[in-house]
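This report concerns only the one structure given below.
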Amino acid sequence: MAPVNFIAAASQHAEWASIRRTVIAANVANTNTPGYKAKDIEAFSLEPSIAGATMAQSHPAHFGSPDTSRYVVSTNFSDATDEYHSGNNVSIDRELMKASSVSREQSLNAGLLKAFNRLIAMSSRG
């Protein structure tokens, strides 16, 4: 097994969490949009597959979306089975649970980086 650069892995995870949070926010923002299909991205891995999928900017006044080309953005995932009469399948409860999960993962990531930095600082002091 090849050695893993902890700082690089934590950085990749932080980027993944940021993009996932953006996708979740887009789902919540489009809760009442007829025909909108909820999106999600693949689970985090140290070597994400490149699918070339990007989020569309439908109006010039909208903020640009982050580069999601390193992560698969999909509307086909197992927990989005409910579809409403408008053709929309966004569940606020499901999206809030996903947002909470991402928040916990970001907190864990930040805590691990803080502990790693303390370890490096203590070892360099002697």
>> Between the range 4-37 and the range 101-126, what is the separation of their alpha carbon centroids in Å?
In response: 22
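For the full complex of protein chains and a 1.4 angstrom probe, list VAL28, VAL23 by accessible area with the highest value first.
Numbers: VAL28 60, VAL23 0 Å².
Ranked list, largest accessible area first: VAL28, VAL23.
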>> Taking amide H atoms as placed 1.01 Å from N in the peptide plane, list the residues 5 or more away in sequence, or in a different chain, whose amide H sits under 5 Å from that of ASN30.
In response: none
> Once phi is turned into θ = phi - 60°, what whole-Hz ³J(HN,Hα) does the Karplus curve with 6.51, -1.76 and 1.60 give for every residue of the range 17-22, x standing for Gly and Pro?
Replying inline: 5, 5, 5, 5, 4, 5
>> Quick one: 3J(HN,Hα) in Hz for the range 113-123, Karplus 6.51/-1.76/1.60 with θ = phi - 60°, rounded, Gly and Pro as x.
In response: 5, 4, 5, 5, 5, 4, 4, 5, 5, 5, 6
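The values are calculated or read from the model by the stated rules, or taken from the named source; none is laboratory data. Please read all numbers here as calculations on a predicted model, not as lab measurements. For accessibility, only protein heavy atoms count, side chains too; no ligands or nucleic acids. Shrake-Rupley method; radii C 1.70, N 1.55, O 1.52, S 1.80 Å.
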